[in-house]
Amino acid sequence: MKFNISHVKNLLKTTLAVIAMLTFSADADAQQDPMFTQYFFNPLSINSGYAGTREAMNVTLLAREQWVGIKGRPRTQSLVMHTPLPNESLAVGLSFRRDEAGPTKNTSIFGDFAYRMRVTEKSRLALGLKAGVSLFTADLTSLTGTDGEDISFSQNLRNKPLPNFGFSAYWWSDRSFLGISTPKLIENEVDGADDLMQGREVRHYFLTAGTVIDLNSTLKLKPTTLIRYVNGAPISFDVTANLLIDERLWIGGMYRYQESAAVLCSFSLTDQLRAGYSYDFPLSDLASYSTGSHELMLSYDFTFKKDKTLSPRYF
């Protein structure tokens, strides 16, 4: 396959998101699952033990536009629902997610189950199970700057089913949390035309932790971290600090190791409804191509008993 400089630039802009995020190519392992800046408001996407921890039925919508300015950039939409069951030891959840990056699309539905145990009067531990399926599509023939005679790009992948399951543990109290998880244990194979394009899903491991510290009667500080490990790739981590003002307004910042920094805020419109926004600006070579990433979040807690009041939830 022959390229000149202009072809290389066109191909970079079309497929950069796929290479960096999905990496379904031979002998290459890297971060595949989407990264959310507001991960602390959407833990169920990586840790099924979080199900039911808000002690109400929660629905969270999240939309992310990553690397704005790059053609074929990643886009993610997520809908997550979870609730405790009448048996206080059990909780369930359901997650829908659609990821799009360059010529690839990945639509998934996963169910979550958590078994919860009381550790102390104010803390609990949950063991979680996540299971579901993803449908992977790659429209390889739409790539620009490729040689039309290259058989590697002559055949599309349509609705390749990728079943998977994973396990997690999540400990929390009214002021702190700690979670460890591997949401997808099966490393599914993804094959292209005549097996010339081969790849696989890569197992991810996550560690999350955070706490809330009282500064005075109206201010609280919430430091959190998310550590990711993928086989064959360096450890990556996020460090976030949020300031809570009058139990309503969160403002803060995030640093993602050698990749990006972000500013974020969220506001509790009512005791049940919360909205959030974050803006990431790249610190890597992507800064020459992208103006940054945007993320919107909307979360609602359903309470079905009129006399029930929700205690403040910080996670």
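For F304 and T211, calculate 0.36 nm times their separation in residues minus their Cα-Cα distance, and state this gained length in nm to one decimal. The partial results should precede the final answer.
On the way: separation 93, 0.36 × 93 = 33.48 nm, distance 2.90 nm.
Here the answer is 30.6 nm.
With a sphere of radius 13 Å drawn around the Cβ of S181, what net charge do the other residues whose Cβ falls strictly inside it have (Lys, Arg +1; Asp, Glu -1)?
Values: positive: K130, K184, R203, R228; negative: D33, D112.
Around S181, the surrounding residues sum to +2.
Can you sort I235, I70 from fewest to most other Cβ atoms within 10 Å of each residue's own Cβ?
Numbers: I235 11, I70 20.
Fewest-to-most ranking of I235, I70: I235, I70.
Treat each spin label as a single point 7 Å out from the Cα along the C-beta direction, and report the L283 to D246 distance in nm.
If labels sit at L283 and D246, their model points lie 3.3 nm apart.
Compute the length gained on full extension between A63 and A233: take 0.36 nm times their separation in residues and subtract their Cα-Cα distance, giving the result in nm to one decimal. Don't skip to the answer; put the middle values down first.
On the way: separation 170, 0.36 × 170 = 61.20 nm, distance 2.62 nm.
So the extension gain works out to 58.6 nm.
Read the figures in this text as sums done on the coordinates, not as results from a lab. All figures in this text were calculated on a predicted structure; none of them were measured in a lab. Positions of Cβ are generated from backbone atoms using ideal geometry, with glycine treated the same way; all protein chains shown enter the neighbour counts.
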